[in-house]
C-alpha cells in the first residue's frame, strides 16, 4: 500500500487490510492473528477482528 492509501484508511480496519499493509497474504495474516503474533494489537468485537489504524501507522512509521 502507498502512503496515501494508508492515510486514507478509516479509524479501524479489518485484519486482512492490515495484513496487506504489512505485505502479508491472507493465510499468513490469519495464522499470525490466531497465534497472537500479529505486528499490531488486534481487537475482537463480537466475531469481528479489527485493527486501529493509528497503531498500524505507528508500526509502519507513517505520520499523518
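Structure notes:
- Of all residues in segment 11-34, those that are in a strand (DSSP E or B) and touching a strand residue (DSSP E or B) at 6+ places or on another chain (Cβ under 6 Å) total 2.
- Evaluation of residue 24 against (1) free of Cβ contacts under 8 Å to residues at least 24 places away in the same chain; (2) in contact with a helix residue (DSSP H, G or I) (Cβ under 8 Å, 6 or more places away or on another chain); (3) surrounded by fewer than 16 Cβ atoms within 10 Å (Cβ to Cβ) (one fails), failing number: (3)
Every residue, every condition in (1) under 14 Å from residue 9 (Cα atoms); (2) surrounded by 17 or more Cβ atoms within 10 Å (Cβ to Cβ); (3) within 9 Å of the chain's Cα centre (by Cα), yes or no:
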| site | (1), (2), (3) |
| --- | --- |
| 36 | no, no, no |
| 41 | no, no, yes |
| 48 | no, no, no |
| 59 | no, no, no |
| 64 | yes, no, no |
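- Test: residue 62 is within 14 Å of residue 1 (Cβ to Cβ), touching a strand residue (DSSP E or B) at 6+ places or on another chain (Cβ under 9 Å) and not in a helix (DSSP H, G or I): no
- Condition check for residue 37: modelled with pLDDT of 95 or more and in a loop (DSSP other than H, G, I, E, B): yes
- Qualifying residues in segment 7-21 (those that are touching a residue at least 40 places away in the same chain (Cβ under 8 Å) and surrounded by fewer than 16 Cβ atoms within 10 Å (Cβ to Cβ)) - the one nearest to residue 44 (Cα to Cα): 11
The values are calculated or read from the model by the stated rules, or taken from the named source; none is laboratory data. The shown structure was predicted, so the numbers you read here are calculated from the model rather than taken from an experiment. Glycine also receives a Cβ, built like all others from the backbone with ideal geometry; neighbour counts cover every protein chain displayed.
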